[in-house]
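In what follows, a structure is listed as structure tokens, so that the remarks can point back to it.
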Amino acid sequence: MGCSPLLCFFLFLFSSLCSFFFFPCPLKSADFSRGIQLLKCKNDDASQLDTYRGITLFSALSKIFESILLEMFEDVLGSDDLQFGFIKNTGCDDGLFAFNETVRYSTCHGCKVDSLFLDASKAFDKALHSGLYKNLLDRKAPLCFVLLLINWYSQLHCAVRWNGFIVEWFPIACGVRQGGVLSP
């Protein structure tokens, strides 16, 4: 029993990308490496520029490829069990529960509790690609995987869509794709 021609094509494409750690030029300029940035107003005052945050949409094909990479390299892409926001089926509520229970337990047993909070709200936008690659290599990620990401991320482009118009494409020099399958 064979696969459909389209499925066979994508299987061949993805296995070739993983084998050669390289994105051919047509894929670099296609939707595979391009994202559309939507501006979402954080409050009711749409006249203020600083009330907007960008949300980048990438193609389904890109997300499928990321899912395959995640499956292949999940052993080096795992997070610490206490990073609730980055683990499947957990979130901020789980982190807050663990924090509250830890504080409650400690104070009930006469311990002093100090806490520190970190606002990482723009962490996705400012992550240096070179730092991500170094961290992956430090975690013993296969060189072929890191080279593939270097090649792919060096070709990422984005454009802003505003009132139905798309402005000129520009390269993405830093940051990870919020909502991306491989993003933390």
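Could you give the length gained on full extension between residue 115 and residue 15, defined as 0.36 nm per residue of separation minus the Cα-Cα distance, in nm?
Value of the extension gain: 31.3 nm.
Show me the ranking of peptides 131-138, 93-100 by mean Cβ neighbours inside 10 Å, starting with the highest.
Per-residue Cβ counts within 10 Å, averaged per peptide and sorted highest first, yield 131-138, 93-100.
Residue by residue through the range 101-107, what is 3J(HN,Hα) from phi via Karplus (6.51 cos²θ - 1.76 cosθ + 1.60, θ = phi - 60°)? Round to whole Hz and write x for glycine and proline.
Calculated HN-Hα couplings, in order: 5, 5, 5, 4, 4, 5, 5 Hz.
So what are the ³J(HN,Hα) numbers for the range 132-137, from phi and the Karplus equation (6.51, -1.76, 1.60; θ = phi - 60°), rounded to whole Hz, Gly and Pro as x?
Running phi through 6.51 cos²θ - 1.76 cosθ + 1.60 with θ = phi - 60° gives 5, 5, 4, 4, 5, 5 Hz.
Each value in this text was obtained by applying a stated rule to the coordinates, not by laboratory testing. These numbers were taken from a predicted model, which means no experiment stands behind them. Neighbour counts are summed over all protein chains in view; Cβ atoms, including those assigned to glycine, are modelled from backbone coordinates with ideal geometry.
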